[in-house]
Amino acid sequence: MKRLGVNIDHIATVRNARRENHPSVISAAKFVIKCGADLVTIHLREDRRHINDTDLKILSNIRSIPINLEIAANNQMLKIALKHKPKYVCIVPEKRREVTTEGGLNLRKHKNKIKKIVKKLNEKKIRTSLFINPNIKDIEISKFINTNCVEIHTGKISRQIKANRSFKHELRKIIKCTDLATDLGIEVHAGHGIDFKTAKVLSKIKEIKEFNIGHFIIGESIFYGLNNIIKIFKKICR
């Protein structure tokens, strides 16, 4: 069975709309684990638009909740990660003006900088992952960086599937990347834009070991309940 990580950033988005404490991000993290999620993903953005430092501090101290912390590739975020020691860290690209993460890391440009960050995280026994586009060169650079895992940005194939357009070319790219990563000893994850249809397609790729899904789960939960949506994804993961 593939692991399911539930991103709860947008629980914090709703909370922050009133600048109060409801809904509780901490309660949300506990609840998604109770519903069957294998880990909780949170993105501590530099502008703190949803998850904040207090959320991270509290969640990091609840050892029964495996936290997958998404951070930008800079020394400030590295210090925060080393301080709180989440179980997992995923390094992602970040732009202040973007609505959501628009693509994978530019590994060709920043490989040496990211390699140093990954080395420090690995030394603290924190599982590292790089959020990358589905291309072979990025898999090869990920091996040079010595990351434990890569998370493939699935935004393009997700949009194609939702629009009932041909996605065979994009799927072949993803499969080639998962095959090479596995051969190189890198664990493969997938995330971004995933809904039920996309998950069903990607779940057939045995090399993908983990899905990280947020926006769709939280959005559908408004109508059908968080517990029900997580159960459907867990069924797909099987």
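The values are calculated or read from the model by the stated rules, or taken from the named source; none is laboratory data. Computed from a predicted model, the values in this text were never measured in an experiment. A quick note on method: Cβ atoms are made from the backbone with ideal geometry, for glycine too, and the neighbour counts reach across all protein chains shown. In case anyone asks, the SASA skips ligands and DNA or RNA and just uses the protein heavy atoms, side chains included. Shrake-Rupley method; radii C 1.70, N 1.55, O 1.52, S 1.80 Å.
Computed on the range 11-68, with alpha-carbon pairs under 8 angstrom and 6+ residues apart, the relative contact order is 34 percent.
Over 20 Å between C-alpha atoms is what I'm after, so list which of LYS87/LYS204; LYS109/LYS156; LYS85/LYS231; LYS109/LYS137 land there. Over 20 Å Cα-Cα: LYS87/LYS204; LYS109/LYS156; LYS85/LYS231. In the range 68-197, with Lys and Arg counted as +1 and Asp and Glu as -1 at Cβ, which of these residues, LEU130, LEU184, SER166, has the Cα nearest the positive end of the dipole, that is, farthest along it? With unit charges placed on the Cβ atoms, the residue in question is LEU130.
I need the Debye-formula profile for the range 18-81: one equal scatterer per C-alpha, no solvent, reported as log10 I(q)/I(0) at q = 0.12, 0.26, 0.28 1/Å, two decimals. So the normalised log intensities are -0.31, -1.22, -1.33. Volume of the convex hull of the chain (Cα atoms only), normalised per residue: 120 Å³.
Using the rule -39500 (n - 2.57) for each DSSP H run of four or more residues, divided by the residues of the chain, the 222 nm mean residue ellipticity is -15000 deg cm²/dmol. Given their separation in residues at 0.36 nm each and the Cα-Cα distance between them, ASN164 and LYS83 gain 24.7 nm when the chain is fully extended.
Its Cα centre serving as origin, the range 15-125 has a Cβ charge dipole (Lys and Arg +1, Asp and Glu -1) of approximately 500 debye. Shape index of the range 138-232: Rg/Rh, with Rg the Cα radius of gyration and Rh the Kirkwood radius from the inverse mean 1/r over Cα pairs, equals 1.01. Each residue, ASN146 and ASN122, gets one label point 7 Å from its Cα in the Cβ direction; the gap between the two is 0.4 nm. Across the range 215-232, computed HN-Hα scalar couplings (Karplus, 6.51 cos²θ - 1.76 cosθ + 1.60, θ = phi - 60°) run 3, 5, 4, 5, x, 5, 5, 4, 9, 10, x, 4, 4, 5, 5, 5, 4, 5 Hz from first to last residue, x flagging Gly and Pro.
Within the listed set ASN164, ASN74, ASN16, the Gaussian network model of the chain (springs between alpha-carbon atoms below 10 Å) gives the highest mean-square fluctuation for ASN164.
In a reduced charge model with +1 at each Lys and Arg Cβ and -1 at each Asp and Glu Cβ, the chain shows a dipole moment near 260 debye about its Cα centre. With protein chains left intact and a 1.4 Å probe, residues in the chain average 51 Å² of accessible area per residue.
The portion of the accessible surface of the chain made up by carbon and sulfur, rounded to a whole percent, is 51 (1.4 Å probe; DNA, RNA and ligands excluded).
About its Cα centre, what dipole magnitude does the range 66-165 give when the only charges are +1 on Lys and Arg Cβ and -1 on Asp and Glu Cβ, stated in debye to the nearest 20? The calculation lands at about 280 debye.
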